[in-house]
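The values are calculated or read from the model by the stated rules, or taken from the named source; none is laboratory data. Because the structure is a prediction, the values reported are computed rather than measured. Here the Cβ positions follow ideal geometry from the backbone for every residue, glycine too, while neighbour counts run over all protein chains shown. Side chains are part of the model used for accessible areas, which takes the heavy atoms of the whole protein and leaves out ligands, DNA and RNA. Shrake-Rupley method; radii C 1.70, N 1.55, O 1.52, S 1.80 Å.
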Amino acid sequence: MMDIEVVEGDITQQDVDAVVNAANRAMRGGGGVDGAIHRGGGPQILADCIARFPHGLATGDAGWTTAGLLPARWVIHVVGPNRNAGETDRSLLTSCYRRALEVADEIGARSIAFPLVSAGVYGWPKEDAVDAALETLRATPTQVELARMVAFGRSAYELIAGRL
Ligand code: AR6
């Protein structure tokens, strides 16, 4: 049975086996969580993305790279739906969490930290982003023992804690 917890903090500071990146299909970096992870982890992450994902990733999918200089061992990159570009299918968002756990199982990660995928630049309403995350984490069979939701700021923390 996987534990699910919430902390207020920065995804790049999490001392877990794998941290999840809210990436885009190109998988070559960006802003928000993606920018923070590439900045904190250094150029090894981008080099790995280029080598492992020459054509990027599809929306809803996940794949792993090294975590470079971050405390984590791996980054699991997911591509959330961009609601601002008309990707409104909720199953694309739940798929990110399910696929991230599948990838964690492939690499043997036992602890994983998630940001609120799609809830920033990609414009998914935060309440539903939290519900999609929590219901999928609860429903997906996995060897992962700890899933940590990393809330960026106090209001995100209150929102997630209130729905956990
Ligand atoms: N740690 C934890 N959470 C964070 C951090 C951080 N350091 N920084 C922001 N958040 P976003 P998306 C929160 O925009 O919506 C990028 O350009 C933030 O408050 O990072 O999936 C990519 O390259 C929000 O709640 O991801 C893509 O093009 C959540 O993390 C695109 O943005 C996600 O915000 C992806 O957009």
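General remarks:
- Residue count, region 135-147 (criterion: crowded, with 17+ Cβ neighbours inside 10 Å and part of a helix (DSSP H, G or I)): 2
- Selected residue [assigned to a loop (DSSP other than H, G, I, E, B) and either within 11 Å of the ligand (Cβ to nearest atom) or open to solvent by less than 10 Å² (accessible area, probe 1.4 Å) (or both)] from THR59, THR65: THR59
- Single residue of region 96-130 satisfying the filter (within 13 Å of the chain's Cα centre (by Cα) and open to solvent by 50 Å² or more (accessible area, probe 1.4 Å)) that is farthest from the ligand (Cβ to nearest atom): GLU102
- If only residues of region 148-164 that are surrounded by fewer than 13 Cβ atoms within 10 Å (Cβ to Cβ) and within 11 Å of the ligand (Cβ to nearest atom) are counted, the one that is farthest from the chain's Cα centre (by Cα) is SER155.
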